[in-house]
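Okay, so here's the structure we're looking at.
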Amino acid sequence: MDITFKDVSYIYQENSPFAHKALDNISFHITSGSFVAIIGHTGSGKSTLLQHLNGLVKPTKGEVTIGDYHLSNDKKIRNIKELRSKVGIVFQYPEHQLFEETVEKDIAFGPENFGVEKSEIQSRIQEILPAVGLPKEMLERSPFDLSGGQMRRVAIAGVLAVKPKVLVLDEPTAGLDPRGQKEIMDMFYDLHQKQGLTTVLVTHSMEDAVKYADHVIILNKGNKYMEGKPEEVLSDQKALNKVNLDVPEMIQFLLAFEKRFGMKIPYERQSVQKLAVQMQHLLKGAES
Amino acid sequence: MNEYMIIGQYVPGNSFVHRIDPRTKITIIFFFVIFVFFANSVGSYGILTAFALITTFITRIPLKFILKGLTPVWFLIIFTFSLHLIVTKDGTVLFNLFGWEIYSGGVIQGVAISLRFFLLILFTSLLTLTTTPIEITDAIEDMLAPLNKIKFPVHELALMMSISLRFIPTLMQETEKISKAQSSRGVDFRTGPLKERIKAVVPLLVPLFVSAFKRAEELAMAMEARGYRGGEGRTKLRLLKIQSIDIWVYLLFTCVIIGLFLLRTY
Ligand SMILES: Nc1ncnc2c1ncn2[C@@H]1O[C@H](COP(=O)(O)OP(=O)(O)OP(=O)(O)O)[C@@H](O)[C@H]1O
Ligand SMILES: [Mg+2]
């Protein structure tokens, strides 16, 4: 589903001494099927922006369009439940939303609410468990007896079980071990490609942004600061430093390499091994 | 979520009212509440209303914001007003409303009681609006200190109060967060039959309780780790001290009270 923000502003607690403008005149377009990373310093409005995507909040000003659904301040949205079944959000620290007696019931909670049949839910659970890295034995356990990382995986499974068309991820790997982070991100990327999902990822990891996204949007204090291809936006060291962000290590390395040897290697998501071979070729070529 | 809920909320500021000693504020409010019940004439009501409104004005908190935040209270006020209007049968008949005869006494009674109610709510909310929860509990601990003599756990009571006050906004935030997460999973808190809506509360309450207990445990541990062991021998970071502005406030309030009794009819 295509997503469009048109001049969107959002004010928390409007008309009170606590009024706070969290989003300021934001416009952008996300094409169906793309992987978009939203980056910004803490408090820049990322989570607020995400809540517009399934109608949890309505823009104070402007209009948000998701597929055929329109959100604006003066209109009431029809079929909001339908919209929510199509846009799955994995919130920041989603493990706080667990409540059922068993892991199985908690994963089934979302699909049940959206009217998915029992047998279908069962087959989805069987499919999702290995993907999120949970053993089958865990289905019968209480979600509150699990470790933090396992709880996170259960919560993610609960969102995936709805089979959304748009997957919205708010720092889904924050606080996981490095290995777990990579597993989960790879799983999301795999789903994104196999099922043709539109994915919106909020992250603090520049590495993840440059590795997975085809488009990045950088927010600063509620404003859109930069937007474009990751390899372009994320190599602008000066602009990024201004808003307390860093260039991803890989690109930093390529820039340093260019400075040192005067040879440019374009970043095209190559693996470290591939890059080593490229460098070897270039440096050997320079010698001879 | 009602974003305008202001009961118990503190609005930071540096107005005259913000700077009054919290003990003074509590004392004044205590007597104000009592004296509101002594008002029985246009003049005495006028003086109290003027006093409350002027105080509100001095706080620099927009009256509109306060009035809006008291929405739940408005229903009560309108309800009491209507009740008096319909039930009281004093004075002359003014007009006929849908078959009910409205008496002049009813209107007067209705206005008086609603105004009383409004003044009480407005004035007491001014305390929490201009005083931090810490100041309020410090003041209460100080004012209840004599009870220590009869082994009443004043410090513990004050601590419990300040912790609860401190965590009200946190719990509200948490509620909002979890309700958003569950709404995204298809829970409908707003529409549908009552039975379904009651059932919808479970996915909200369970995580809320779990996190509240977890938070309480962590707080207790953090306090112990930092050497907290009760009130005995504990000194205070902020010392409460009566200043000249407090004296002025007391003098002014005494004038208001004298005015009130002069204008009262017997
Ligand atoms: N419920 C709320 N009421 C009032 N203000 C809020 C609320 N939620 C967020 N804000 C404010 O809006 C701004 C943007 O918050 P938001 O949660 O969108 O930031 P974020 O970019 O997601 O930050 P982080 O990286 O820390 O998650 C912040 O300044 C925050 O204080
Ligand atoms: Mg956030």
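The values are calculated or read from the model by the stated rules, or taken from the named source; none is laboratory data. For clarity, every value in this text was computed on a predicted model and none was experimentally measured. Every residue, glycine as well, gets a Cβ built from its backbone with ideal geometry; the counts of neighbours run over all protein chains shown. Ligands, DNA and RNA are stripped out before the accessible areas are found, and what is left, the full protein with its side chains, is counted by its heavy atoms. Shrake-Rupley method; radii C 1.70, N 1.55, O 1.52, S 1.80 Å.
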Q: Report the one residue of A:PRO178, A:MET151, A:PRO164 whose Cα lies farthest in the direction of the positive end of the charge dipole of chain A (charges on C-beta: Lys and Arg +1, Asp and Glu -1; origin at the Cα centre).
A: A:PRO164
**Q.** In Å², nearest 10: area of B:THR175 left accessible to a 1.4 Å probe
**A.** 30
Q | Dipole magnitude of the stretch B:153-234 about its Cα centre (Cβ charges: Lys, Arg +1; Asp, Glu -1), debye to nearest 20 | A | 300
Q) In nm, to one decimal, how far is the B:THR124 label point from the B:ASP188 one, both placed 7 Å along Cα→Cβ? A) 3.9
Q) Can you give the FRET efficiency for B:VAL33 and B:ARG226, using 1/(1 + (r/R0)^6), R0 = 35 Å, r = Cβ-Cβ distance, to the nearest 0.05? A) 0.35
Q: Report which residues of the stretch B:185-209 become buried by 20 Å² or more of accessible surface when going from the isolated chain to the complete set of protein chains (1.4 Å probe; DNA, RNA and ligands ignored).
A: B:ARG185, B:GLY186, B:VAL187, B:PRO203, B:VAL206, B:PRO207
Q. At 222 nm, what helix-only mean residue ellipticity would chain A give, in deg cm²/dmol to the nearest 500, using -39500 (n - 2.57) for each DSSP H run of four or more?
A. -12000 deg cm²/dmol
Q | Shielding by partners - mean other protein chain Cβ count within 10 Å, residues of A:111-120 | A | 2
Q. Taking chain B as a Gaussian network, Cα atoms linked when under 10 Å apart, which of B:VAL210, B:VAL107, B:VAL33 shows the biggest mean-square fluctuation?
A. B:VAL210
(Q) Full-extension gain between B:TYR250 and B:LYS89, please, as 0.36 nm times their residue separation minus the C-alpha to C-alpha distance. (A) 53.9 nm
Q | Within the protein assembly as shown: Cβ-based charge dipole about Cα centre, in debye rounded to nearest 20 (Lys, Arg +1; Asp, Glu -1) | A | 1080
Q: Return the Rg/Rh value of the stretch A:248-288, two decimal places, where both radii are evaluated on C-alpha atoms and Rh is the Kirkwood radius.
A: 0.95
Q: Only helices at least 15 Å long along their axis, Cα-based, and averaging 1.0 or more on Kyte-Doolittle count here, so list those DSSP H runs from chain B.
A: B:22-36, B:42-59, B:71-87, B:104-130, B:244-263
Q.
Which residues, if any, in the stretch B:51-90 lose at least 30 square angstrom of accessible heavy-atom surface (probe 1.4 Å) when the other protein chains sit next to their chain rather than the chain being alone?
A. B:PHE65
Q.
Roughly how far apart, in whole Å, are the Cα centres of the stretch A:75-109 and the stretch A:243-285?
A. 41
Q.
Suppose we keep just the DSSP beta bridges with both residues in the protein assembly as shown; what percent of those would be antiparallel, to 5?
A. 60
Q. Which FRET efficiency value, to the nearest 0.05, is calculated for B:ASN40 and A:LYS229 with the Förster distance at 60 angstrom and r the Cβ-Cβ distance?
A. 0.20
(Q) Suppose each label sits 7 Å from its Cα in the direction of the beta carbon; what would the A:LYS182-A:GLU82 distance come out to in nanometres? (A) 4.3
(Q) Helix A:249-261 against the longest principal axis of chain A: what's the angle in degrees, Cα atoms only, rounded to the nearest 10? (A) 10
Q) Quick one: ranking B:LYS195, A:LYS284 by accessible area, 1.4 Å probe, largest first, what do you get? A) B:LYS195, A:LYS284
Q. Which value, in Å² and to the nearest 10, is the accessible area of A:ASP74 when all protein chains are kept and the probe is 1.4 Å?
A. 130
Q: Can you work out the accessible area per residue across the stretch A:248-288, with the rest of the protein chains kept in place, probe 1.4 Å, in square angstrom?
A: 75
Q: May I ask you to find the residues of the stretch A:157-183 that are shielded by at least 10 Å² of accessible area once the whole protein assembly is considered instead of their isolated chain (probe 1.4 Å)?
A: A:GLY158
Q: Return the value, in Å² to the nearest 100, of accessible area buried between chains B and A (probe 1.4 Å, both sides summed).
A: 2100
Q: When a/c is below 1.5 the answer is rounded, else prolate if a/b is larger than b/c, else oblate, so apply that to the stretch B:153-234 with a ≥ b ≥ c taken from the square roots of the Cα gyration tensor eigenvalues.
A: prolate
Q: Take every DSSP beta bridge with both residues inside chain A and express the antiparallel ones as a percent of the total, to the nearest 5.
A: 55
Q | the stretch A:3-247: projected area of the alpha-carbon convex hull, averaged over directions, in nm² | A | 13.7
Q: Go ahead and estimate [θ] at 222 nm for chain B from helices alone: -39,500 (n - 2.57) per DSSP H run with n ≥ 4, summed, over the residue count, rounded to 500.
A: -22500 deg cm²/dmol
Q. To the nearest whole number, what is the average tally of beta carbon atoms from other chains within 10 Å of the beta carbons of peptide A:15-24?
A. 4
Q | Shape call, the protein assembly as shown: gyration tensor on alpha carbons, a/c limit 1.5 | A | prolate
Q.
Over the stretch A:3-247, with the other protein chains present, what is the accessible area per residue in square angstrom, probe 1.4 angstrom?
A. 44
Q: Could you please state how large a percent of the accessible area of the protein assembly as shown is carbon and sulfur, counting protein chains only and using a 1.4 Å probe?
A: 61
**Q.** Set A:LYS21/B:LYS199; A:LYS86/B:LYS214; B:LYS177/B:LYS214; A:LYS21/A:LYS76; A:LYS165/A:LYS229; A:LYS58/B:LYS64 screened for pairs whose C-alpha atoms are more than 28 Å apart
**A.** A:LYS21/B:LYS199; A:LYS86/B:LYS214
(Q) How would chain B be classified by its alpha-carbon gyration tensor: rounded, prolate or oblate, with rounded meaning a/c under 1.5 and the a/b versus b/c comparison settling the rest? (A) oblate
Q) Can you give the FRET efficiency for A:ALA19 and A:HIS281, using 1/(1 + (r/R0)^6), R0 = 41 Å, r = Cβ-Cβ distance, to the nearest 0.05? A) 0.10
Q: Between B:LEU205 and A:PHE253, with labels modelled 7 Å along Cα→Cβ, what's the label distance in nm to one decimal, could you check?
A: 5.4
Q: Write down the accessible area per residue of the stretch B:138-266 in Å², having rolled a 1.4 Å probe over the full set of protein chains.
A: 72
Q.
Could you report the accessible area of A:HIS281 in Å², rounded to 10, computed with a 1.4 Å probe on the protein chains as they sit in the structure?
A. 130
